[in-house]
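The values are calculated or read from the model by the stated rules, or taken from the named source; none is laboratory data. These numbers were taken from a predicted model, which means no experiment stands behind them. Cβ placement follows ideal geometry from the backbone for every residue including glycine, while neighbour counts extend to all protein chains displayed.
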Amino acid sequence: MKKLLAVLLTLALMLGMCSAVAEEEPIKLTLWTFQELHTQLYKEMEASWNANPDNPKIEIDMQVYPYDDMHSKLTLALQSGEGAPDIVDIEINQFANYLKGDIQLADINDIVEPIKDKLVMSRFNNYAKDGKYYGIDHHIGACIMFYNTEILEAAGINYQDIKTWEDYHEAGKVVLEKTGKPMCTWESTDCWSIYPLVNQHGGDWLTPDGQVRMDEPVVVNTLAFMKSMLDDGTAVAAPGGFHHAEEYYGEMNGGAFASVSMPFWYLNRFTDYMPDLSGKMKVAPMPLWSDGGHKSAQMGGTGTAVVKTSANLDIAKQWLAYATLSFEGCVKTWTILGFDPIMTEVYGAPEMMEPNKFFDYYGNDIFDMLKTLLDDIPDTCISEYFPAASDIVKQHMAYDLVIGGGDPEAIAQSCAQELRDAID
């Protein structure tokens, strides 16, 4: 009898151990991204999630692909119904392509709506359709100014006195006269110069229902202002065509230009590729348009989405909410990635002010500046035709204006007609 009891106890213990092992088996998720940098945040938030005993254990297979390859692979997987990941990063200019027809992404209203009063919702509208949200961005992408104070001070200019674009242009004339250096560069092969100025001015390429706005007066006037700076030499074409070119990094790092307007996340381009400007660069709001508009604009982005065919849909959404919408996740968006978080309540938190390479480079007033912009970040109309509009700006509008020196109204009309033809 005692032997039988011992055997039964042994079996019970073994079954208990097997049960414990089974319970500890992690839920496996697959995540695709085209941005290696994002995996730094994802790995940190995976470990943090698993450290909480109340959460089911997860194991995320993070796969990084080249930009074009990943989006093509995703399209094929969603069309075939086979091989799609649970979670995927989709670049903002591509996102509208996945909101056509039978949408294969899961709506995430259940994780966004309860905290929307804490979020910069204009960023979620980029990834929405018919009242449903499908993607979460890592950052606001607020456009700001980066000023080389060494150049400006040599010309007797205080960057904090620049309030309007007219002030900016006039300051540029002084800088050019006294230092021989242009105030800024405009891109000729990309949209990072033209679109932020148009968007801040109150314009856009499209309406939500697909009507073309590319030839509206606000667009023409914005292009005319940019051309006026090109005409007098206060602005020149960006070396290499755009502000991510090696040629641009090299010349900017050497002190060739007094300023540049780019999104907040461009902070890490200076720290990583233009180290010689450390201590010389300061950030500030974009100058304002005297005839109306907004304090800033939003540019760039990645909508992280959950595929609705995921076998672990609820867990995938819960983890995504924790990684990107929690207080901890949004703080790490800054401390790990150097991005401007989409949750407004993190600004001013002590965790956001811990020393890092960005404060060392720019000073400690970065967020004092950024907080002044959060109440006026305009929407962008990321409709299904936005990718076509962006291509037209990159291939024609920017080049024709910056290199071709064309008439702003004629350029706007030509590009608008090209977009209408593409839509029709």
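Here is how the numbers come out for the structure above:
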read-out	value
Spans of helices (runs of 4 or more DSSP H) in region 26-138 with at least 1 residues over 16 Å from the mean Cα position of the chain (by Cα)	36-50, 67-80, 109-112
Region 237-256: number of residues that are over 17 Å from Asp190 (Cα atoms) and surrounded by 22 or more Cβ atoms within 10 Å (Cβ to Cβ)	1
Members of region 284-303 that are assigned to a strand (DSSP E or B) and buried (at least 23 other Cβ atoms within 10 Å of the Cβ)	Gln298, Thr302, Gly303
Set Tyr67, Tyr134: member being among the aromatic types (Phe, Trp, Tyr) and in contact with a Leu (Cβ under 6 Å, 6 or more places away or on another chain)	Tyr134
Residue pairs meeting the criteria (Cβ under 6 Å; at least 6 apart or on separate chains; first closer than 22 Å to Gln94 by Cβ, in region 53-69; second part of a loop (DSSP other than H, G, I, E, B) and of a type outside the set (Val, Ile, Thr))	Tyr65/Phe34; Tyr67/Phe34
Conditions (1) among the small types (Gly, Ala, Ser); (2) within 15 Å of the chain's Cα centre (by Cα); (3) at pLDDT below 95; (4) more than 20 Å from Ile162 (Cβ to Cβ); number of the one not met by Gly348	(2)
All positions within region 199-217 that are surrounded by fewer than 19 Cβ atoms within 10 Å (Cβ to Cβ) and assigned to a helix (DSSP H, G or I)	Pro217
Selection status of Ala142, surrounded by fewer than 21 Cβ atoms within 10 Å (Cβ to Cβ) and either small (Gly, Ala, Ser) or over 28 Å from Asp69 (Cβ atoms) (or both)	no
Candidates Ile411, Ile382 - the one that is among the β-branched types (Val, Ile, Thr) and over 30 Å from Ala284 (Cα atoms)	Ile411
Output for region 386-422, where each listed residue is in contact with a Gly (Cβ under 6 Å, 6 or more places away or on another chain) and either of a type in the set (A, V, I, L, M) or in a loop (DSSP other than H, G, I, E, B) (or both)	none
Qualifying positions in region 223-250 - in a helix (DSSP H, G or I), small (Gly, Ala, Ser) and in contact with an Asp or Glu (Cβ under 6 Å, 6 or more places away or on another chain)	Gly240
Residue tally, condition buried (at least 19 other Cβ atoms within 10 Å of the Cβ), part of a helix (DSSP H, G or I) and either aromatic (Phe, Trp, Tyr) or touching a Phe, Trp or Tyr at 6+ places or on another chain (Cβ under 7 Å) (or both), over region 304-336	5
Number of the condition not met by Asn364 [criteria: (1) more than 21 Å from the chain's Cα centre (by Cα); (2) assigned to a helix (DSSP H, G or I); (3) not assigned by the TED database to the domain that holds Ala284]	(2)
When residues of region 153-185 are limited to those that are free of Cβ contacts under 8 Å to residues at least 24 places away in the same chain and in contact with a Leu (Cβ under 8 Å, 6 or more places away or on another chain), the one farthest from Pro285 (Cα to Cα)	Ala171
In region 176-196, the residues that are touching a Gly at 6+ places or on another chain (Cβ under 9 Å) and more than 16 Å from Ile411 (Cα to Cα)	Leu176, Lys178, Lys181, Pro182, Met183, Cys184, Trp192
Selected residue [assigned by the TED database to the domain that holds Val198 and either in contact with a Cys (Cβ under 8 Å, 6 or more places away or on another chain) or not basic (Lys, Arg) (or both)] from Gly293, Gly338	Gly293
Pro217 over 30 Å from Val88 (Cβ atoms), in contact with a Phe, Trp or Tyr (Cβ under 6 Å, 6 or more places away or on another chain) and not hydrophobic (A, V, I, L, M, F, W, C)	no
